[in-house]
Amino acid sequence: MAALEKEGELVRVDSLVSPVLEITEIVDRLSKNHGPAVLFTNNGTDFPLLINSMGSEKRMCIALGLDNLEEVQGEIGALAREFMSPRRHFLDKIRLLPSLRNVASWMPKTVSGRGLCQEVVMDRPDLSRLPVLTCWPADGGPFITLPCVHTRDPETGQRNLGMYRMQVFGPDLTGMHWHLHKGSAHHFRKYQEEGKRMPVTVTLGGDPAYTYAATAPLPEGIDEYLLAGFLRKHRVELVKCLTNDLEVPADVDFVIEGYVDPSEELILEGPFGDHTGFYSLAGYFPKFHVTCITHRKDAVYPATIVGIPPQEDGWIARATEKIFLEPIRMTVTPELTGMHMPVEGVFHNLVLATIRSQYPGQAVKVMNAMWGAGQMMFNKVMVVTDDDIEPDDYAGILGRVIRYADPVEDIHFSAGPVDILDHSSRKYALGSKMGIDATRKGKEDEKASLSGPVMINKEEILKRFADLTVVNEALLKMGFPVLIAGLRKSKENHARVLAREMMEAACLQGIRYVILMDPEAAELDIPSLVWLAANNIDPSRDCHPEAGTTGDAPVFFIDATRKTASGDHFQRDWPNVVVMDDRTISRIDQQWFSFGLGPLIASPSGRFKSLVHNIGAIS
């Protein structure tokens with residue numbers, strides 16, 4: 001906080017602001033407009049609340065003590081190369097000793113006595129004394145949003161540090177929303193098999209390196225506190241908890257100790273306005289019973305909000321893609337030269353990768369390797385291009401897709417695990433993936449050149465196809481042959497039927513891709529359309545090339561509309577997008593200038609209200 005304040009990156013708000021919806025509405029406006037970190041000192045509890053503290057690349061660097069994120073990428077790469085290079089002679093092995101000493105000096109260490117985190121012990125654990133946020137109107141209740149959850153493997157003793165939202169049900173009871181594929185869920189299943197109670201401890205705050213480490217995609221068996229020690233270049237000092245046998249960093253702000261009993265019935269947790277920008281719907285998860293809460297005398301409660309991007313979590317993802325590029329390259333895909341996860345892809349939906357392409361099919365090899373690597377298994381759409389372009393050059397990447405990716409031959413489908421928050425997959429946690437090979441394959445394979453606006457007869461298309469309500473020409477005017485249209489579905493498999501009708505009508509000359517959106521979404525800006533489309537597709541179901549009937553080139557159709565049981569045979573509940581209620585928006589508008597946050601920023605929710613169907617979390 002001191003470092004943020006020194007850099008002009010922190011604003012203190014002393015006006016009374018409620019943790020119920022109001023803080024979220026303020027921070028949503030700031031995070032989407034490059035706003036600062038905020039310390040809410042007057043929130044109805046004894047503890048100030050810090051939020052958006054890592055909500056920019058500069059603040060991520062401040063949090064990790066770096067001048068730029070490439071520093072860590074280079075250090076990890078050098079260290080990995082040193083340990084992975086062959087050592088044939090005794091002297092070669094001796095030269096490793098300095099590096100081994102460095103690694104040993106970063107290993108976490110348990111110290112005796114109590115830590116700063118145990119200065120105050122609550123007489124009776126009471127989570128209502130903390131400023132826990134109720135973030136969005138249809139949330140199931142208040143949620144702890146930035147917890148570091150500590151568990152231990154009952155067989156090996158290996159610690160896991162993860163971050164899983166926690167819905168507060170009472171003063172000493174929360175849910176524990178760990179996903180199927182996460183380390184703590186793996187530990188839970190082992191305790192369940194052994195019929196034992198599972199100790200769990202949650203920490204909040206302390207060194208932001210702990211918070212980052214809890215989110216990092218580390219290989220199985222690597223202690224997250226080793227990563228924190230590496231980032232800080234000194235070991236993390238741990239202290240024993242008071243009511244279970246776990247250890248936590250001595251300098252965190254809050255320690256919430258307790259247990260999960262695998263023999264208990266699960267609790268219905270959620271809904272929750274999630275980082276996908278949609279509600280994750282209610283489901284059954286384990287109960288976490290709190291046995292003790294301790295904290296520093298000067299404790300500050302850390303929080304974050306998620307929702308329609310961009311949000312603070314996008315900058316954490318940006319750090320991860322930079323820091324872990326070198327390990328992925330060295331252990332999974334040596335030809336990988338760059339990787340980027342746009343915030344609109346909400347981590348898992350969209351990955352843009354560049355490679356040093358040397359032989360046919362290499363891009364497909366990279367896709368399959370990446371989909372089999374750790375948390376990259378959740379990726380839904382991957383675009384692979386040559387490495388003479390930066391992976392965050394969106395216009396350039398789209399140009400490569402247009403020029404070098406044949407809609408029939410160069411778009412590949414696979415299947416496998418997907419994030420449990422993916423609402424569009426046919427089954428819970430299981431869906432399809434799409435890889436686009438946009439590498440050069442020879443001059444004869446170039447499909448198009450970008451030479452100015454693409455002309456279509458918009459009025460004729462709308463007249464001919466009555467269920468098309470709007471045509472968005474934004475990409476066409478930029479020279480990309482991508483047609484975006486709003487479709488009001490009125491028949492079974494309507495998107496597929498329309499694709500066939502449009503090709504038979506031969507009205508898409510020069511168009512390579514057609515993206516069908518819901519009518520109320522089709523005229524949003526391009527980043528918002530990317531966010532919606534990536535969320536709303538199960539690729540093998542919703543994306544397909546349609547052949548021409550009069551010799552026209554095939555066109556690739558993407559059905560990015562909401563899916564229903566009647567029209568699409570979709571058997572799961574479809575969630576609503578996450579927006580704020582009108583009453584809270586009005587209240588914050590009226591009080592804005594009392595917060596000292598500069599000129600009034602309009603609520604971002606206003607742009608997305610038309611996407612909401614029905615009241616509540618289910619669309």
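Among the strands (runs of 3 or more DSSP E) contained in region 275-367, which hold 2 or more residues that are buried (at least 22 other Cβ atoms within 10 Å of the Cβ), out of contact with any Lys or Arg (no Cβ under 9 Å at 6 or more places or on another chain) and of a type in the set (A, V, I, L, M)? Break it down stepwise before answering.
Numbers: elements: 283-285, 287-295, 301-303, 336-340, 350-355.
Answer list for region 275-367: 350-355.
With (1) out of contact with any strand residue (DSSP E or B) (no Cβ under 8 Å at 6 or more places or on another chain); (2) among the hydrophobic types (A, V, I, L, M, F, W, C); (3) not assigned by TED's automatic domain parsing to the domain that holds Gly435 as the list, and Phe278 as the residue in question, which single condition is left unmet?
With respect to (1) out of contact with any strand residue (DSSP E or B) (no Cβ under 8 Å at 6 or more places or on another chain); (2) among the hydrophobic types (A, V, I, L, M, F, W, C); (3) not assigned by TED's automatic domain parsing to the domain that holds Gly435, Phe278 is out only on (1).
Need pairs with beta-carbon distance below 7 Å; first residue assigned by TED's automatic domain parsing to the domain that holds Leu161 and within region 221-239, second crowded, with 17+ Cβ neighbours inside 10 Å and aromatic (Phe, Trp, Tyr); sequence gap 6+ or separate chains.
Qualifying pairs under 7 Å: Leu226/Trp106; Ala228/Tyr210; Gly229/Trp106; Phe230/Trp106; Arg235/Trp106; Val236/Tyr225.
How many of the residues in region 457-487 are part of a loop (DSSP other than H, G, I, E, B) and either touching a helix residue (DSSP H, G or I) at 6+ places or on another chain (Cβ under 9 Å) or polar (S, T, N, Q) (or both)?
Quick first cut of region 457-487, residues part of a loop (DSSP other than H, G, I, E, B) only: 457, 465-467, 473, 478-481.
Among the residues that remain, those that are also either touching a helix residue (DSSP H, G or I) at 6+ places or on another chain (Cβ under 9 Å) or polar (S, T, N, Q) (or both) are: 457, 465, 467, 473, 478-481.
Residues flagged as part of a loop (DSSP other than H, G, I, E, B) and either touching a helix residue (DSSP H, G or I) at 6+ places or on another chain (Cβ under 9 Å) or polar (S, T, N, Q) (or both) within region 457-487 amount to 8.
Do you know which of the residues in region 495-522 that are among the acidic types (Asp, Glu) and closer than 15 Å to Ile461 by Cβ is surrounded by the fewest Cβ atoms within 10 Å (Cβ to Cβ)? Write out each step before concluding.
Quick first cut of region 495-522, residues among the acidic types (Asp, Glu) only: 501, 504, 518, 520.
So of that shortlist, the ones also closer than 15 Å to Ile461 by Cβ come out as 501, 504.
Working: Glu501: 14, Glu504: 12.
Checked region 495-522; the qualifying residue surrounded by the fewest Cβ atoms within 10 Å (Cβ to Cβ) is Glu504.
Does region 152-161 include one or more residues that are farther than 26 Å from Leu281 by Cα, touching a Cys at 6+ places or on another chain (Cβ under 8 Å), touching a residue at least 24 places away in the same chain (Cβ under 8 Å) and assigned by TED's automatic domain parsing to the domain that holds Val252?
no
Quickly run through region 225-242 and pick out the residues that are surrounded by fewer than 19 Cβ atoms within 10 Å (Cβ to Cβ) and under 22 Å from Gln118 (Cβ atoms). Spell out the reasoning first.
Taking region 225-242 as the starting set, the residues that turn out to be surrounded by fewer than 19 Cβ atoms within 10 Å (Cβ to Cβ) are 226, 232-235, 237, 240, 242.
Of everything in region 225-242, those that are surrounded by fewer than 19 Cβ atoms within 10 Å (Cβ to Cβ) and under 22 Å from Gln118 (Cβ atoms) turn out to be Arg232, His234, Arg235, Glu237, Lys240, Leu242.
Looking at (1) modelled with pLDDT of 95 or more; (2) under 21 Å from the mean Cα position of the chain (by Cα); (3) crowded, with 23+ Cβ neighbours inside 10 Å, can you tell me which one Thr134 breaks?
With (1) modelled with pLDDT of 95 or more; (2) under 21 Å from the mean Cα position of the chain (by Cα); (3) crowded, with 23+ Cβ neighbours inside 10 Å applied to Thr134, the lone miss is (3).
Only one of (1) within 21 Å of Arg232 (Cα to Cα); (2) in contact (Cβ under 8 Å) with a residue 24 or more places away in the chain is not met by Gly44, so which one is it?
All conditions pass for Gly44, except number (1).
With more than 29 Å from Gly416 (Cα to Cα), under 25 Å from the mean Cα position of the chain (by Cα) and not hydroxyl-bearing (Ser, Thr, Tyr) as the only criterion, which of Ala522, Ala506 stands out? Before you say what the answer is, go through the steps one by one.
Details: Ala506 fails: under 25 Å from the mean Cα position of the chain (by Cα).
Matching residue, one of Ala522, Ala506: Ala522.
Could you please find all residues in region 368-379 being of a type in the set (S, T, N, Q) and either crowded, with 22+ Cβ neighbours inside 10 Å or at pLDDT 95 or above (or both)? Full working, then the answer.
Of region 368-379, the ones of a type in the set (S, T, N, Q) are 368, 375, 379.
Selection gives Asn368, Asn379.
Quick check on this structure: which one of Met377, Met341 is under 21 Å from Leu529 (Cβ atoms) and hydrophobic (A, V, I, L, M, F, W, C)?
On the way: Met377 fails: under 21 Å from Leu529 (Cβ atoms).
When all the criteria are applied, what remains is Met341.
So the check is Cβ under 8 Å with 6+ separation or different chains; which pairs have a first residue in region 133-146 that's without any contact (Cβ under 8 Å) to a residue 40 or more places away in the chain and a second one that's of a type outside the set (Asp, Glu)?
Gly141/Thr134; Gly141/Gln167; Gly141/Val168; Gly141/Phe169
So, Arg95, is that one in contact with a Lys or Arg (Cβ under 6 Å, 6 or more places away or on another chain), farther than 20 Å from Ala3 by Cα and either at pLDDT below 80 or surrounded by 16 or more Cβ atoms within 10 Å (Cβ to Cβ) (or both) or not?
Details: in contact with a Lys or Arg (Cβ under 6 Å, 6 or more places away or on another chain): no; farther than 20 Å from Ala3 by Cα: yes; either at pLDDT below 80 or surrounded by 16 or more Cβ atoms within 10 Å (Cβ to Cβ) (or both): yes.
For Arg95, the condition - in contact with a Lys or Arg (Cβ under 6 Å, 6 or more places away or on another chain), farther than 20 Å from Ala3 by Cα and either at pLDDT below 80 or surrounded by 16 or more Cβ atoms within 10 Å (Cβ to Cβ) (or both) - is not met.
Say whether the condition of being within 20 Å of Ser15 (Cβ to Cβ) and either touching a residue at least 60 places away in the same chain (Cβ under 8 Å) or not hydroxyl-bearing (Ser, Thr, Tyr) (or both) is met by at least one residue in region 547-566. Please lay out each step first, then the result.
The initial filter retains those residues of region 547-566 that are within 20 Å of Ser15 (Cβ to Cβ), namely none.
No - not one qualifying residue is present in region 547-566.
Among the numbered criteria (1) modelled with pLDDT of 95 or more; (2) assigned to a loop (DSSP other than H, G, I, E, B), which one does Arg87 miss?
Going through the list (1) modelled with pLDDT of 95 or more; (2) assigned to a loop (DSSP other than H, G, I, E, B), Arg87 breaks only (1).
For region 532-566, what are the residues that are in contact with a strand residue (DSSP E or B) (Cβ under 9 Å, 6 or more places away or on another chain) and among the charged types (D, E, K, R)? Please lay out each step first, then the result.
Step one: of region 532-566, the residues in contact with a strand residue (DSSP E or B) (Cβ under 9 Å, 6 or more places away or on another chain) are 532-548, 554-561.
Asp538, Arg541, Asp542, Glu546, Asp559 - these are the residues of region 532-566 that are in contact with a strand residue (DSSP E or B) (Cβ under 9 Å, 6 or more places away or on another chain) and among the charged types (D, E, K, R).
Looking at Arg403, Arg464, which is the one that is of a type in the set (D, E, K, R) and in contact with an Asp or Glu (Cβ under 8 Å, 6 or more places away or on another chain)? Outline the logic, then answer.
Working: Arg464 fails: in contact with an Asp or Glu (Cβ under 8 Å, 6 or more places away or on another chain).
The match here is Arg403.
Before we move on, is Arg572 under 23 Å from the mean Cα position of the chain (by Cα) and either over 24 Å from Glu344 (Cβ atoms) or surrounded by fewer than 17 Cβ atoms within 10 Å (Cβ to Cβ) (or both)?
Working: under 23 Å from the mean Cα position of the chain (by Cα): yes; either over 24 Å from Glu344 (Cβ atoms) or surrounded by fewer than 17 Cβ atoms within 10 Å (Cβ to Cβ) (or both): yes.
When the stated conditions are applied, Arg572 passes them.
What is the residue count in region 543-560 for residues that are part of a loop (DSSP other than H, G, I, E, B), of a type in the set (Val, Ile, Thr) and within 32 Å of the chain's Cα centre (by Cα)?
So in region 543-560, the residues part of a loop (DSSP other than H, G, I, E, B) come out as 547-554, 560.
Restricting the remaining residues to those that are of a type in the set (Val, Ile, Thr) gives 549-550.
Okay, now just the ones that are also within 32 Å of the chain's Cα centre (by Cα), so none.
Residues that pass the stated criteria total 0.
Filter region 495-531 down to the residues that are closer than 20 Å to Leu611 by Cα, assigned to a helix (DSSP H, G or I) and in contact with a strand residue (DSSP E or B) (Cβ under 7 Å, 6 or more places away or on another chain) and list them by number.
The first filter runs over region 495-531 and keeps only residues closer than 20 Å to Leu611 by Cα, leaving 495, 515-531.
With the extra rule that they be assigned to a helix (DSSP H, G or I), the set shrinks to 495, 526-531.
Within region 495-531, Ala495, Leu529 meet the criteria.
Would you confirm whether any residue within region 531-546 is under 16 Å from Lys32 (Cα atoms) and not basic (Lys, Arg)? Lay out the reasoning, then the answer.
Quick first cut of region 531-546, residues under 16 Å from Lys32 (Cα atoms) only: 531.
From what is left, the residues that are not basic (Lys, Arg) are 531.
Scanning region 531-546, I find at least one residue that is under 16 Å from Lys32 (Cα atoms) and not basic (Lys, Arg), so the answer is yes.
At pLDDT 95 or above and either assigned to a strand (DSSP E or B) or surrounded by fewer than 16 Cβ atoms within 10 Å (Cβ to Cβ) (or both): is that true of His186 in this structure? Give the derivation first.
Details: at pLDDT 95 or above: no; either assigned to a strand (DSSP E or B) or surrounded by fewer than 16 Cβ atoms within 10 Å (Cβ to Cβ) (or both): yes.
Judged against the criteria, His186 is not a match.
Pick out the one residue from Val252, Val202 that is modelled with pLDDT of 95 or more, part of a loop (DSSP other than H, G, I, E, B), surrounded by 23 or more Cβ atoms within 10 Å (Cβ to Cβ) and assigned by TED's automatic domain parsing to the domain that holds Pro19.
Values: Val202 fails: part of a loop (DSSP other than H, G, I, E, B).
Selected residue: Val252, the only one of Val252, Val202 that is modelled with pLDDT of 95 or more, part of a loop (DSSP other than H, G, I, E, B), surrounded by 23 or more Cβ atoms within 10 Å (Cβ to Cβ) and assigned by TED's automatic domain parsing to the domain that holds Pro19.
The values are calculated or read from the model by the stated rules, or taken from the named source; none is laboratory data. What you are looking at is a predicted structure, and each value in this text was computed from that prediction instead of being measured. FYI the Cβ positions are ideal-geometry reconstructions off the backbone, even for glycines, and counts take in every protein chain you see.
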